[in-house]
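Working notes, structure below.
What follows draws every value from the coordinates through simple rules; no lab data is involved. Remember, predicted model here, so these are calculated numbers, not experimental data. Cβ atoms come from the backbone with ideal geometry, glycine included; neighbour counts cover every protein chain shown.
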Amino acid sequence: MIVVRPAREADVPEVSRVLTDSIVELCSLDHGNDPAVIEVWTRNKSEDGVRAMLLNPANALLVATEGDVLLAVGCIVDGDSIGLNYVDPRHRFRGASSALLADMEARIKAAGHSAAQLTSTATARAFYLARGWQETDPGAPRTGYPMRKIFQVERSPRQARDPAAYRSRRSSGRT
Ligand SMILES: CC(C)(COP(=O)(O)OP(=O)(O)OC[C@H]1O[C@@H](n2cnc3c(N)ncnc32)[C@H](O)[C@@H]1OP(=O)(O)O)[C@@H](O)C(=O)NCCC(=O)NCCS
């Protein structure tokens, strides 16, 4: 079973490896195997860089695990932005990024945000589009794809039973 949990200090070396391998091996559509681009992209994914991410109070660094195996790494930044979502190439297409994304969305929603944002790679663009994310600036020249997901407002059981009555009460301004 895939479990998503906050990262801890002991995860730092493996988080660094997964982030780096994922970028190098899976994101060639984005970096074109250009060593200079890869170097800039992976620079802050060193163990020191990951430790800094972990200690930064603006970040919620998360890992998707199966038993002792770390499958994928995610990060929520400033409460409502997804800053990382990278799967270990050895565990691609086994549901890890899907589980991690669903968990990050749930955390953002639970914190009271009505929407979330991220900048997708070309590699993951279809993955996000298939999960309800929309591009916010589709025509712009870019190195990434800015996206946003607006969460559906949960309806109370009473609203769900009688949506028309709820609408008319809302429009009349009464509570
Ligand atoms: C594309 C990617 C995000 C999918 O994550 P995963 O953990 O491997 O896959 P999951 O099992 O959770 O989800 C499978 C989804 O991958 C996508 N997918 C399937 N084959 C694909 C392929 N050849 N190339 C790209 N995406 C593919 C589909 O959207 C699929 O969803 P579906 O099963 O509903 O059709 C991941 O494989 C990847 O390439 N990550 C690289 C890092 C990256 O770009 N991260 C995003 C940073 S913003």
Within the stretch 18-36, track down each residue that is more than 14 Å from the ligand (Cβ to nearest atom) and either assigned to a helix (DSSP H, G or I) or closer than 20 Å to Gly95 by Cα (or both).
-> Pro35, Ala36
Which residue out of Met1, Met53 is more than 12 Å from the ligand (Cβ to nearest atom), under 26 Å from Ile108 (Cα atoms) and in a loop (DSSP other than H, G, I, E, B)?
-> Met1
Options Glu105, Glu66: the member that is closer than 19 Å to Gln134 by Cβ and charged (D, E, K, R) | Glu105
List every residue pair whose Cβ atoms sit under 7 Å apart, with the two residues 6 or more apart in sequence or on different chains, where the first one lies in the stretch 37-55 and is more than 9 Å from Val12 (Cα to Cα) and the second, anywhere, is not in a helix (DSSP H, G or I).
-> Met53/Asn59; Met53/Leu61; Met53/Cys75
Determine which member of the set Ala124, Ala130 is near the ligand (Cβ under 8 Å from one of its atoms), of a type outside the set (Phe, Trp, Tyr) and buried (at least 19 other Cβ atoms within 10 Å of the Cβ).
-> Ala124
Scan the stretch 76-102 residue by residue and report those that are of a type in the set (Gly, Ala, Ser), near the ligand (Cβ under 7 Å from one of its atoms) and in a loop (DSSP other than H, G, I, E, B).
-> Gly95
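Results for (1) surrounded by fewer than 18 Cβ atoms within 10 Å (Cβ to Cβ); (2) in contact with a strand residue (DSSP E or B) (Cβ under 9 Å, 6 or more places away or on another chain), shown as yes or no for each residue.
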{"position": "Arg8", "(1), (2)": "yes, yes"}
{"position": "Val18", "(1), (2)": "no, yes"}
{"position": "Leu29", "(1), (2)": "yes, no"}
{"position": "Thr42", "(1), (2)": "no, no"}
{"position": "Leu55", "(1), (2)": "yes, no"}
{"position": "Gly74", "(1), (2)": "no, yes"}
{"position": "Asp78", "(1), (2)": "yes, yes"}
{"position": "Asp88", "(1), (2)": "no, yes"}
